[in-house]
Amino acid sequence: MPLYRSHILVCTGTTCVLKGCTAVQSALIAEIKRRGLENEVKVVETGCLGISEKGPVMIVYPEGVTYCQLKVSDIPEIVEEHLLKGRTVSRLVYTGPVTGEVKPAHPGRQKEQRIVLKNIGIIDPTSIEEYIAYGGYEVLGKALTQMTPEQVVAEVKTSQLRGRGGAAFPTGIKWELTAQAKGDNKSVICNADEGEPGNFKDRLILEGDPHCVVEAMIIAGYAVGAKTGYLYIRGEYHQSVAHTEKAIADAKAMGLLGKDIFGSGFDYDIKVFKGAGAYVCGEETALIESLEGRRGESMVKPPFPPTQGLWGQPTVINNVETLANIPHIILNGGEWYAGIGTEKSKGTKIFSPCGDVFYPGVYEVPFGITMREVIYELAGGTKSGKPFKAVLVGGPSGACVGAESMDKTFAYEDLAPGAGALIVMDEDKCIVDTVNNCLKFFVHESCGQCIPCREGTKRMYEMTKSWTEGQGEEADLALMQALTSNLALTSRCGLGQVAGTAFATSYKLFPDEYLSHVVGAECPTGKCTMTNGGGKNNG
Amino acid sequence: MSAHQCGCEGQVKQAQADEAEKYVKLAQIIDEYKGQRGVLIQALHKAQGVFGWLPEEVQIKVADGLDIPLAEVHGVATFYSFFHIIPRGEHTIRVCLGTACYVRGGKQVLEQFEKELKTKVRGTTEDRTFSLEINRCVGACGLAPVVTVGADIYRRVKLDKVPEIIAKYTGGK
Ligand SMILES: Cc1cc2nc3c(=O)[nH]c(=O)nc-3n(C[C@H](O)[C@H](O)[C@H](O)COP(=O)(O)O)c2cc1C
Ligand code: SF4
Ligand code: FES
Ligand code: FES
């Protein structure tokens, strides 16, 4: 085997592909060959490095220099200068916030604490050898050979890890319930249906470090006594599917999946299931319906999946990020994990600021960080430089939060982060128009089983639409509030229950903006075109 | 004077052969999943991969082959936005209107496509080259607004980029 002096990680994440990294990569490989460097320099593919903004991107190790916005025509220069002469091509070096080991030129990045994202952009996600070289699957060996399932569950309980899919249920308790439930064919499901606008952290994990999730799923299976794991990935995530399928196949080939893993007598397999475009399938009972091959319609709870889930058997269902914490917890101990974060919120959380921010991306930070730090220091503030107006925390299903909450901390006991999306709006954005867009999402995604959600989201959408057209009536506002609480109380699943949240929370913050649309037929930002000519009051 | 040869006959034959081949592939897909539970959605994914959409005939074959009531197959095919039960244009353009894209101008981009293609959203152009759809977030929100055409993704799409994107798939037609 040749001993390479340099490794070049080329990002082949979804967005870099769109930006043409494939051509850059082929050019690089060809140029390396042409210069006879193929036994010295190895080119590997990696998942999203978190700076897609500047794609195509590549990192040259051991120096750890990141080149960005690459064109095919830049390649000969990089090979000549950097690889042959050892001189960095400074005009192409990325100086913004960077992930991985690269020195952060952007001070905000220093606020990051990478546990879950530790390997992202550092290892080749398609190479099991590299994952192992970075300590991968060691923890699995430890869990399977030195710990009882009860001890694994106890460690997770000690860590006080809570679900990262939005509902924040204590993971250790969920596992314990499943372990104690009776059933001879239990399952573990990894929920990678990430479908809410503004969220893209799970994609980054699956593209960049699929083995971490596979390892976690095996540990979860061992802890609760499951036979099979299912990875439910949304259909749009082509590369996540490809990388996890390869990871599973490689793990199988090494005997890390299948029969008698590590000679422990534990048998376990993982299957990948591709979703077909339905946001509601992220809801756990709808996801199970979908896995069973049916329409993804939410079921009444209880029973909860830990007692009665897939095929009526006890089932653990966890978010990708939740699971990706597990190997680190088993490796370093629950106590260690519980030492990070705040009183009631342990560990780190991944945020994905987007919308009107300067550096949209994925950032992992300890709980207890303020919203100001995330939005201004990590994400660089508003892109336009104009004043910040509001942010949807968690996405359309989350609360709309304004500048007055800037110094609140992200923690379950303060500002709950949802799944981590932060859709930022600057002062040019119209709140009513944005909330109308959120409602459109729910109308489209409602599974239609229960009337409050199916009809309620529609009515709420129509009403807000009429406001953006200057056709509202004052009584509408009371009706909207009634609908919001009606849906919260009577919808079967979370989708309907929170459909009115963005409206209700933003109405509290910006009552005048609503009133001016509804009563005055005027949009203060000028974003909405009032079909009746606008300005009811002055005209 | 020799008779005018239009070549239609050959084309028809070719089309029939293509169609037959698709059904052979469908039979293989059904065989692969037969007798297993919970496989309907994966089978439909593959079937649509072959046909581009899910004609009634295909739904019937899947229902029979997997021993699932046709009503259920149809129910699943119509529930998930990935599956299509009407023929599609050769390329599907999807403009993301998820909230992150929306605040970055996704709606204006959609309107531009509607204008350029002379079709409304969820419509197909007369020549069946394009179907226009919306997306509700593809997980690339950092690059909003996002447009996808098949597997190709365009980020930060500005209004003046719209004709350029369309032209890529029409070969300058
Ligand atoms: C409408 C709806 C959509 C959801 N989508 C997701 C999703 O995409 N990913 C996810 O992990 N959880 C999602 N959830 C939450 C799941 O129901 C479930 O709580 C979660 O997967 C449990 O894992 P955790 O405890 O690790 O967070 C959704 C919930 C609702 C109501
Ligand atoms: S609340 Fe909406 S999405 Fe949930 S079960 Fe009812 S109709 Fe379906
Ligand atoms: S896809 Fe390349 S950096 Fe994100
Ligand atoms: S909102 Fe458009 S990609 Fe997420």
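The values are calculated or read from the model by the stated rules, or taken from the named source; none is laboratory data. Everything numeric in this text was worked out from a predicted model, so none of it was measured. Here the Cβ positions follow ideal geometry from the backbone for every residue, glycine too, while neighbour counts run over all protein chains shown.
Brief remarks on what is shown
- Residue within the stretch B:80-97 that is in a helix (DSSP H, G or I), more than 10 Å from ligand 4 (Cβ to nearest atom) and without any contact (Cβ under 8 Å) to a residue 40 or more places away in the chain present: no
- Those residues of the stretch A:273-292 which are more than 17 Å from A:THR315 (Cα to Cα) and without any contact (Cβ under 8 Å) to a residue 60 or more places away in the chain, in sequence order: A:LYS274, A:ALA276, A:GLY277
- Some residue of the stretch A:456-466 being on the phi < 0 side of the Ramachandran plot, within 16 Å of ligand 1 (Cβ to nearest atom) and charged (D, E, K, R): no
- With respect to the conditions (1) within 16 Å of ligand 3 (Cβ to nearest atom); (2) modelled with pLDDT of 95 or more, B:GLN112 falls short on a single one, namely (1).
- Residues located in the stretch A:195-243, provided they are facing chain B (nearest Cβ under 10 Å) and outside any helix (DSSP H, G or I): A:GLY195, A:GLU196, A:PRO197, A:GLY198, A:ASN199, A:PHE200, A:TYR230, A:ARG234, A:GLY235, A:GLU236, A:TYR237
- Yes/no for A:LEU509 being under 25 Å from B:ALA100 (Cβ atoms), hydrophobic (A, V, I, L, M, F, W, C) and touching a strand residue (DSSP E or B) at 6+ places or on another chain (Cβ under 6 Å): yes
- Among the candidates B:GLY75, B:GLY106, residue that is within 9 Å of chain A (Cβ to nearest Cβ) and either touching a strand residue (DSSP E or B) at 6+ places or on another chain (Cβ under 6 Å) or crowded, with 21+ Cβ neighbours inside 10 Å (or both): B:GLY106
Conditions tested, residue by residue: (1) crowded, with 22+ Cβ neighbours inside 10 Å; (2) touching a residue at least 24 places away in the same chain (Cβ under 8 Å); (3) more than 30 Å from A:PRO302 (Cα to Cα); (4) touching a strand residue (DSSP E or B) at 6+ places or on another chain (Cβ under 9 Å).
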residue: A:CYS447; (1), (2), (3), (4): yes, yes, no, no
residue: A:ARG459; (1), (2), (3), (4): no, yes, no, no
residue: A:THR464; (1), (2), (3), (4): yes, yes, yes, no
residue: A:TRP467; (1), (2), (3), (4): yes, yes, yes, no
residue: A:ALA475; (1), (2), (3), (4): no, no, yes, no
residue: A:ALA478; (1), (2), (3), (4): no, no, yes, no
residue: A:GLN481; (1), (2), (3), (4): no, yes, no, no
residue: A:ARG492; (1), (2), (3), (4): no, yes, no, no
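- Test: residue in the stretch A:364-380 that is outside the structural domain of A:MET217 (by TED's automatic domain parsing), of a type in the set (Gly, Ala, Ser) and at positive phi: yes
- Any chance A:LEU140 is crowded, with 21+ Cβ neighbours inside 10 Å, assigned by TED's automatic domain parsing to the domain that holds A:GLU215 and either assigned to a loop (DSSP other than H, G, I, E, B) or at pLDDT 85 or above (or both): yes
- For A:THR171, the requirement of being touching a residue at least 40 places away in the same chain (Cβ under 8 Å), within 14 Å of chain B (Cβ to nearest Cβ), more than 16 Å from ligand 4 (Cβ to nearest atom) and more than 16 Å from the chain's Cα centre (by Cα) is not met.
- Residue-level check: of (1) surrounded by fewer than 22 Cβ atoms within 10 Å (Cβ to Cβ); (2) at pLDDT 95 or above; (3) not polar (S, T, N, Q), A:GLY381 misses just (2).
- Only one of the listed residues (A:ALA249, A:ALA286) is under 25 Å from the mean Cα position of the chain (by Cα) and more than 30 Å from B:ALA71 (Cα to Cα). That residue is A:ALA249.
- Complete set of residues in the stretch B:117-173 that are without any contact (Cβ under 8 Å) to a residue 40 or more places away in the chain, part of a helix (DSSP H, G or I) and more than 8 Å from chain A (Cβ to nearest Cβ): B:ASP160, B:LYS161, B:GLU164, B:ALA167, B:LYS168
- Qualifying residue in the stretch A:360-376 (condition: within 13 Å of chain B (Cβ to nearest Cβ), at pLDDT 95 or above and buried (at least 23 other Cβ atoms within 10 Å of the Cβ)): no
- In this entry, A:ASP202 is excluded by the filter for residues that are within 16 Å of ligand 2 (Cβ to nearest atom) and buried (at least 24 other Cβ atoms within 10 Å of the Cβ).
- Among the residues making up the stretch B:138-155, those that are buried (at least 16 other Cβ atoms within 10 Å of the Cβ) and within 16 Å of ligand 3 (Cβ to nearest atom) are B:VAL138, B:GLY139, B:ALA140, B:CYS141, B:GLY142, B:LEU143, B:ALA144, B:VAL146, B:THR148, B:ILE153, B:TYR154, B:ARG155.
One line per residue, one yes/no per condition, for (1) more than 24 Å from A:GLY394 (Cβ to Cβ); (2) of a type outside the set (Phe, Trp, Tyr):
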site	(1), (2)
A:PHE200	no, no
A:ARG203	no, yes
A:ASP209	no, yes
A:CYS212	no, yes
A:TYR230	yes, no
A:ILE233	no, yes
A:TYR237	no, no
A:VAL241	yes, yes
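- Inclusion of A:TYR222 among residues that are among the hydroxyl-bearing types (Ser, Thr, Tyr) and away from ligand 2 (no atom under 16 Å from the Cβ) is warranted.
- Scanning the stretch A:160-190 for residues that are closer than 18 Å to A:LEU310 by Cβ and within 16 Å of ligand 2 (Cβ to nearest atom) yields a total of 1.
- Meets criteria (under 27 Å from A:LYS346 (Cβ atoms), within 16 Å of ligand 3 (Cβ to nearest atom) and in contact (Cβ under 8 Å) with a residue 12 or more places away in the chain) for A:ALA379: yes
- When A:ASP426, A:ASP414, A:ASP407 are checked against the criterion of being within 24 Å of B:GLN108 (Cβ to Cβ) and more than 16 Å from ligand 4 (Cβ to nearest atom), A:ASP426 stands alone in meeting it.
- Residue within the stretch A:279-290 that is modelled with pLDDT under 95 and within 14 Å of chain B (Cβ to nearest Cβ) present: yes
- Residues located in the stretch A:338-366, provided they are part of a loop (DSSP other than H, G, I, E, B) and within 27 Å of B:ALA144 (Cα to Cα): A:ASP356, A:PHE358, A:TYR359, A:PRO360, A:GLY361, A:VAL362
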